[in-house]
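Just so you know, all these numbers are worked out from the coordinates, no wet-lab data involved. Everything numeric in this text was worked out from a predicted model, so none of it was measured. No Cβ is skipped: glycine too gets one built from the backbone with ideal geometry, and neighbour counts run over all protein chains shown.
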Amino acid sequence: MTTITVLVNDKAMQLAAQSSLQQLLEQLAMPLDATAVALNQAILGREFWAEQRLNDGDEIALFQAIAGG
């Protein structure tokens with residue numbers, strides 16, 4: 001199996017080649033409805049996550065909404 005290396009919040013992570021952004025989020029157990037994603041410094045809308053394939057060297061920044069008072 002071919003793998004790629006991406007940076008997730010500045011940490012290197014190995015993934016299967018052709019992995020989608022949504023597959024990565026599911027693998028990380030991120031709450032999809034409370035997560036925002038930047039791919040290579042550009043915010044990517046939730047409607048594109050399933051079809052967005054990741055490439056070797058991609059930089060992903062994950063942001064999770066936190067409620068508080």
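Output the antiparallel fraction of DSSP beta bridges having both residues in the range 17-68, as a percent to the nearest 5.
Numbers: 8 of 8 bridges.
Of those bridges, close to 100 percent are antiparallel.
Measuring from the lowest to the highest alpha carbon on each principal axis, how far does the chain reach, largest first, in angstroms?
Extents along the principal axes, in whole Å: 46, 23, 22.
Report the GluC sites (Glu not before Pro) located in the chain that are in a DSSP loop and have at most 11 other Cβ atoms inside 10 Å of their Cβ, or state none.
Sites meeting the loop and neighbour criteria: Glu51.
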